[in-house]
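Here the structure is laid out as structure tokens; the discussion comes afterwards.
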Amino acid sequence: MKLTLPPRVSPAQFDAALKAYASVVGEGWVLATDADRDAYSDVYAPGPETEWPAAAAISPNSTAEIQAIVRIANQYKTPLWPVSRGKNLGYGTAAPRMPGSIVLDLSRMMKVHELNTELGYCVIEPGVSYFDLYEHIQREKAPLWMSVPGNAWGSVLGNALDHGMGYTPYGQHARNLCGLEVVLPSGEVMRTGLGAMDNNPGWHVFPLSFGPDWTQMFTQSNMGVVTRAGLWLQPAPESSLQLTFDIPNEEDIGWVVDTITPLKTAGVIEQNVFIPSWLGKIVLKGQRKDFWDKDGAIPEWRVQELLKEHKLGYWQVQIRFYGDETLNKARAEIVKKAFKQHLDAAPMEELWRQGDPINQYDATMGVPSAVALQMGDWVGGRGGHMGFSPVVPATSKHILGQLKRSRKIIADHDVDFYASFTIGGRYATNINMLMYDRDKPEQVANIRKMFDALIKGTAEAGYGEYRTHIGWMDKVSETYNFNDGIQQRLNQTVKDALDPNGILAPGKSGIWPSAYRGAAGKAGAA
Amino acid sequence: MNRFILLILAGALSGCGIPDDGETSAGGPPPAPPYQMRAALPAGDRLAVQSDGEALFSNRCGSCHLAGGMGTNLLTKQQMMAGQPPEKGLLTNRTDLTADYVKTVVRQGKVAMPRLSRTEVTDTELKAIAAYLSKAKS
């Protein structure tokens with residue numbers, strides 16, 4: 001990919017900035033060839049990768065190096081786009097929102113500073129992947145479990161900072177963050193929570209501070225570069241029990257949610273309950289053409305055939321219990337009794353005890369896997385995907401409304417319906433996986449049009465997305481419209497106060513610093 | 001797709017939330033292997049000449065290319081479609097890889113495999129990995 005310079009930066013200034021960055025990290029860690037720019041593009045881009053081009057990438061290895069880099073960025077006005085490992089697949093990968101930003105790749109920062117088995121937390125750097133942390137825990141024989149997302153190739157901190165979700169009792173990852181170290185846009189280092197006091201041993205166990213705690217201000221934001229964080233981990237359970245229910249019909253999701261939510265809020269069910277639609281089961285079994293070889297959405301009659309052929313329900317619900325075996329069995333009885341009111345078929349039950357093997361694909365047991373990326377093979381060619389991710393209250397009224405609304409928009413665009421609901425307690429996230437062949441421009445154009453329609457239709461009904469692709473950050477941000485968009489106006493006021501030159505991630509989550517506010521809406525998705 | 005290959009793949013993914021569809025019962029493929037621990041990243045300067053291609057392959061590529069990994073699963077299907085045995089899905093079992101080919105795929109990506117940056121795999125690391133994967137032919 002050819003060089004796209006940052007706004008208002010001349011080629012000579014850019015070269016001078018790169019030399020300054022190289023003096024901090026070493027020439028080998030400033031990556032500025034055409035091939036390097038390709039490597040930091042959105043590999044699943046819905047359209048040409050050149051739509052969201054990075055100018056270069058820099059890979060620091062310490063907080064001190066990041067401080068120096070941020071100061072240089074202020075000096076040369078070369079905006080940085082920090083990524084932990086750059087694996088935000090489906091949401092932009094490592095690509096920056098504003099063309100010409102320099103990717104600040106933190107993946108060399110792979111230290112596990114602490115693994116505390118007594119109180120159940122770790123202190124890690126952004127480059128630590130789920131695989132790295134899992135193996136560290138195994139090597140230390142620490143009695144701790146992680147919560148992992150469906151695709152665990154990425155960074156533990158990156159996922160938590162971008163509000164990622166997992167499927168254990170620790171599945172709301174941003175809430176596991178406890179005590180951050182952050183480089184501010186000025187280059188100063190701050191620590192959130194009790195870290196604001198020198199040497200306070202409670203930094204990573206108390207989730208607040210004295211006065212306001214700023215931890216969440218640094219998630220999905222561009223207010224600082226997180227260089228290390230405490231993250232709570234689940235004590236390894238002595239046993240676990242899983243119930244699997246196949247739910248036959250689409251509309252059954254209503255009673256399923258109304259059954260699960262009260263059990264979840266009452267603590268009978270502790271994990272985030274993941275409920276994928278049938279296509280989530282088929283998509284890993286082959287390519288689309290193996291099941292339906294025509295363009296356009298798979299027709300309903302063929303869906304019904306496939307469900308029969310593969311003995312699948314429209315939805316599948318797996319509920320896992322963790323801890324004492326007697327308690328798990330008692331909890332399972334409560335859940336079985338509640339389901340029995342709607343479903344005659346008994347669930348499949350799987351008991352696990354410490355020492356038993358763990359399936360390497362089981363995200364509900366905290367094992368990291370990248371196997372979900374196999375869905376890239378589903379559409380054939382250069383497969384890509386985006387996630388449309390609204391959040392709704394976890395009741396049948398809201399879930400069925402969302403299902404009906406998004407189903408219609410997706411059907412109107414003649415696209416396969418592939419969705420999941422994850423019940424996190426009082427809310428459910430609804431991930432609609434939109435897959436496309438990047439080499440079919442008409443398919444990509446249709447997906448983009450549909451994405452716009454989904455955002456609009458969902459917002460009109462009163463709901464918003466909790467996370468989105470870089471190309472749609474402005475559009476989603478605009479749907480948060482209470483009092484003339486006061487949340488975004490507050491964000492931008494804070495942004496300008498902290499980052500007057502706007503050098504950290506301009507446009508992230510729709511937050512544009514005044515220096516680049518003219519770039520909002522001009523780049524990215526139309 | 002060939003029904004036999006579908007059956008093997010269904011077996012490889014059994015337990016990852018995919019219910020048993022009856023095709024993977026007695027006489028079917030073995031269950032998925034347990035989690036495969038990767039080798040530690042060799043200590044030292046990652047830009048200097050590297051010698052341990054095996055450890056580097058395990059650490060840098062192992063998230064997808066050890067037994068049961070995403071890359072292994074897709075390559076197993078691809079190899080079987082080409083008439084090869086399923087073991088050829090593991091890159092370490094291949095005898096037809098050249099160093100240049102390995103380098104090209106890592107830097108340019110291929111189908112479901114994204115490109116890897118020079119931070120994720122440095123040029124010197126890639127050289128050692130490519131030599132390791134192609135050693136049978138050199």
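The values are calculated or read from the model by the stated rules, or taken from the named source; none is laboratory data. Predicted model, so just to flag it, every value in this text is computed and none were measured. For neighbour counting, all protein chains shown are included, and Cβ atoms are generated from backbone atoms with ideal geometry for every residue, glycine included. Quick note on the areas: whole protein, heavy atoms, side chains included, nothing else; ligands and nucleic acids left out. Shrake-Rupley method; radii C 1.70, N 1.55, O 1.52, S 1.80 Å.
Things to note:
- Filter pass, B:LEU66 being at pLDDT 95 or above, more than 8 Å from chain A (Cβ to nearest Cβ) and in contact with a helix residue (DSSP H, G or I) (Cβ under 8 Å, 6 or more places away or on another chain): yes
- Test set (1) more than 22 Å from A:LEU177 (Cβ to Cβ); (2) open to solvent by 10 Å² or more (accessible area, probe 1.4 Å); (3) away from chain B (no Cβ under 14 Å) - A:THR78 fails condition number: (2)
- Residue check for A:ALA345: within 14 Å of chain B (Cβ to nearest Cβ), closer than 29 Å to A:MET433 by Cβ, among the aliphatic types (A, V, I, L, M) and in contact with a Gly (Cβ under 6 Å, 6 or more places away or on another chain): no
- Within the stretch B:102-117, tally of residues that are in contact (Cβ under 8 Å) with a residue 12 or more places away in the chain and of a type in the set (Ser, Thr, Tyr): 0
- Lone qualifier among A:ALA12, A:ALA35, A:ALA45, A:ALA56 - being within 12 Å of chain B (Cβ to nearest Cβ), without any contact (Cβ under 8 Å) to a residue 24 or more places away in the chain and either touching a Cys at 6+ places or on another chain (Cβ under 9 Å) or over 20 Å from A:ILE511 (Cβ atoms) (or both): A:ALA35
- Unmet criterion (only one of (1) within 14 Å of chain A (Cβ to nearest Cβ); (2) without any contact (Cβ under 8 Å) to a residue 40 or more places away in the chain; (3) within 14 Å of the chain's Cα centre (by Cα)) for B:ARG60: (2)
- Scanning the stretch A:319-353 for residues that are open to solvent by 70 Å² or more (accessible area, probe 1.4 Å) and farther than 22 Å from A:ALA152 by Cβ yields a total of 15.
- Condition met for A:GLY323 (within 14 Å of chain B (Cβ to nearest Cβ) and not aromatic (Phe, Trp, Tyr)): no
- Members of the stretch B:112-138 that are more than 8 Å from chain A (Cβ to nearest Cβ), closer than 25 Å to A:VAL371 by Cβ and at pLDDT below 95: B:MET113
- Qualifying residues in the stretch A:251-280 (those that are at the interface with chain B (Cβ under 10 Å from one of its Cβ atoms) and open to solvent by less than 20 Å² (accessible area, probe 1.4 Å)) - the one modelled with the lowest pLDDT: A:GLY280
- Among (1) within 17 Å of A:SER389 (Cα to Cα); (2) open to solvent by less than 10 Å² (accessible area, probe 1.4 Å) - the single one A:ARG426 does not satisfy: (2)
- When the stretch A:429-466 is filtered for residues that are closer than 25 Å to A:THR168 by Cα, of a type outside the set (A, V, I, L, M) and open to solvent by 30 Å² or more (accessible area, probe 1.4 Å), only A:TYR466 remains.
- Given (1) within 12 Å of chain A (Cβ to nearest Cβ); (2) open to solvent by 20 Å² or more (accessible area, probe 1.4 Å); (3) not in a helix (DSSP H, G or I), number of the condition B:ARG107 does not satisfy: (3)
- Looking across B:GLY22, B:GLY27, B:GLY15, one residue alone is at pLDDT below 95, in contact with a strand residue (DSSP E or B) (Cβ under 7 Å, 6 or more places away or on another chain) and open to solvent by 30 Å² or more (accessible area, probe 1.4 Å). It is B:GLY15.
- Within the stretch A:377-419, the residues that satisfy the criterion of being open to solvent by less than 30 Å² (accessible area, probe 1.4 Å) and either touching a Pro at 6+ places or on another chain (Cβ under 9 Å) or part of a strand (DSSP E or B) (or both) are A:GLY383, A:GLY384, A:HIS385, A:MET386, A:GLY387, A:PHE388, A:PRO390, A:VAL392, A:ILE399, A:GLN402, A:SER406, A:ALA419.
- Restricted to the stretch A:1-115, the set of helices (runs of 4 or more DSSP H) holding at least 1 residues that are in contact with a Ser or Thr (Cβ under 7 Å, 6 or more places away or on another chain) and over 17 Å from B:ARG118 (Cβ atoms) comprises A:11-25, A:63-76.
- From the list A:ALA32, A:ALA16, the one residue that fits, being at pLDDT 95 or above, farther than 28 Å from B:GLY109 by Cβ and open to solvent by 30 Å² or more (accessible area, probe 1.4 Å), is A:ALA16.
- The set of residues from the stretch A:287-312 being in contact (Cβ under 8 Å) with a residue 24 or more places away in the chain and either open to solvent by less than 10 Å² (accessible area, probe 1.4 Å) or assigned to a helix (DSSP H, G or I) (or both) comprises A:ARG288, A:LYS289, A:VAL303, A:LEU306, A:LEU307.
- Taking the listed residues A:THR326, A:THR364, the one that is out of contact with any strand residue (DSSP E or B) (no Cβ under 7 Å at 6 or more places or on another chain) and among the hydroxyl-bearing types (Ser, Thr, Tyr) is A:THR326, with no other qualifying.
- Among the residues of the stretch A:107-125, just one is of a type in the set (Lys, Arg) and surrounded by fewer than 18 Cβ atoms within 10 Å (Cβ to Cβ), namely A:LYS111.
- Flag for A:TRP29 being at the interface with another protein chain (Cβ under 10 Å from one of its Cβ atoms) and closer than 25 Å to A:GLY224 by Cβ: yes
- Qualifying helices (runs of 4 or more DSSP H) (wholly inside the stretch A:420-520; at least 1 residues being within 21 Å of A:PRO7 (Cβ to Cβ)): A:473-479, A:482-498
- Selection within the stretch A:126-157: residues that are more than 14 Å from chain B (Cβ to nearest Cβ) and assigned to a loop (DSSP other than H, G, I, E, B). The member of this set that is surrounded by the fewest Cβ atoms within 10 Å (Cβ to Cβ) is A:PRO143.
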